[in-house]
1. Taking Cα atoms of the stretch 252-341, Rg/Rh with Kirkwood Rh, to two decimals?
2. Tell me the angle of helix 83-97 to the major Cα principal axis of the chain, expressed in degrees between 0 and 90 and rounded to the nearest ten.
3. Give a residue-ordered list of calculated ³J(HN,Hα) values for the stretch 298-305 (Karplus: 6.51 cos²θ - 1.76 cosθ + 1.60, θ = phi - 60°; whole Hz; x for Gly, Pro).
4. Using alpha carbons only, how many degrees (0 to 90, rounded to 10) separate the axis of helix 190-202 from the longest principal axis of the chain?
5. Mind listing the long-range amide H neighbours of M226? Cut-off is under 5 Å, sequence gap 5 or more, other chains count too, H placed in the peptide plane at 1.01 Å from N.
6. Could you work out the relative contact order of the chain, using alpha carbon pairs under 8 angstrom and six or more residues apart, expressed as a whole percent?
7. Work from the charge dipole of the stretch 56-209 (Cβ charges, +1 for Lys and Arg, -1 for Asp and Glu, about the Cα centre) and give the residue of T137, W59, L110 farthest towards its positive end.
8. In degrees, nearest 10, range 0 to 90: what is the angle between the Cα axis of helix 229-240 and the longest Cα principal axis of the chain?
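What follows draws every value from the coordinates through simple rules; no lab data is involved. The model shown is predicted, which means the values in this text are computed figures rather than measured ones. We place every Cβ from the backbone using ideal geometry, glycine too, and count neighbours over all the protein chains shown.
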Amino acid sequence: MNLNYLFPQKAKANLFRFVIGTALILLALVWQAKAETCSTSTEMDAATKSSLQTTAMQWFNYVAQGNAPALLSASIPDIASNASGMNNLIQEHKASLTGATASARNVYLLDANGAAALDKAEFYCGVFNSNNKIGFTLQNLPPGKYGLVILDVQNSKTPYFYSFLMRQEGAAWKLAGLFPRPRQIAGHDAQWYWQQARDFKAKGQRHNAWYYYLAAREVAAPLPFMSNGDLDGFYDEIQQATPPDLPEQAPLPLATASGKVYQVTNLFVVPDDSTKAGLDLVVKYKTDNISDTGKAFLENKEVMKALLAKYPEFRGPFGNVVARAVAPSGQDFGSMLPVKDVQ
């Protein structure tokens, strides 16, 4: 099965691009009639709803207990074969979830018809023209019946959404996706980051606005592939704020004080609860060789200086800047400095 589960890693991956496996799960931004069907908790039979809720609660308890083997044994093959990924996920969240409890927020039953995997399975739940309409889009989804349970987590160190995607196999539900989504970063919720983004935009600080919009999006929705009326409006606002020079669209040339030009390939933020704003800025760039770590460190620092010189607005809203030199082999070498120390 080409399904995957997502999990965050500080300063190791883009906060907004956590993927394991071969399939990507994307946002649904349009509403169309599709053959796939979705039933809400009020539309499914009581036995199915109870089974989905009970299974999700049992799995959450495994997460809170740090019981990765139990989760792996209840998973589809793609997840069961990735024990290291599951263990890393469990260990990362174990401390935050000690003593936490959860309750079901929403329950959905998704039915994907057909004989082959769906390139783009779109599920629309609720009344089409109502304010509570919900959409989910999953790519490369094998046909079958899926349950989706979104949990509200209480008494955790950080407020969480915790969601489970499960596939029906015979009479059992198997774990097909696991989605922990913090509802705050450094004590700030989506509304706070959204307002900061709008303030930056009003000041003409378009890049600061962009990354704060992304932070707001990260903590606003329980799932990265979920859409509703409110989120659609928010995503439209984000799209309109996209800067024209993002390096993910085309490599960004960055000239240093020495005259050397580096090609920046990625620029993104990661959460950091130790800083006031809760965000660190990460820049990845191409380099020929990282075997000499002393030289690589000096190059990283040079790139940091050049980045802040090109975008002085970055000096305000980020705690640290991380530069990662990426060799042709794909291996990289990273350095981190507080923004205030990059001179």
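1. Working: Rg = 12.5 Å, Rh = 13.1 Å.
That ratio equals 0.95.
2. Between the helix axis and the principal axis of the chain, the angle is about 90 degrees.
3. With the stated coefficients, the stretch 298-305 comes to 5, 5, 4, 5, 5, 5, 4, 4 Hz.
4. For helix 190-202, the angle is close to 40 degrees.
5. Counting only residues 5 or more places away or on other chains, the set is A28.
6. Relative contact order for the chain comes out at 15 percent.
7. Checking the options against the dipole of the stretch 56-209, the answer is T137.
8. In the chain, helix 229-240 runs at an angle near 20 degrees to the longest axis.
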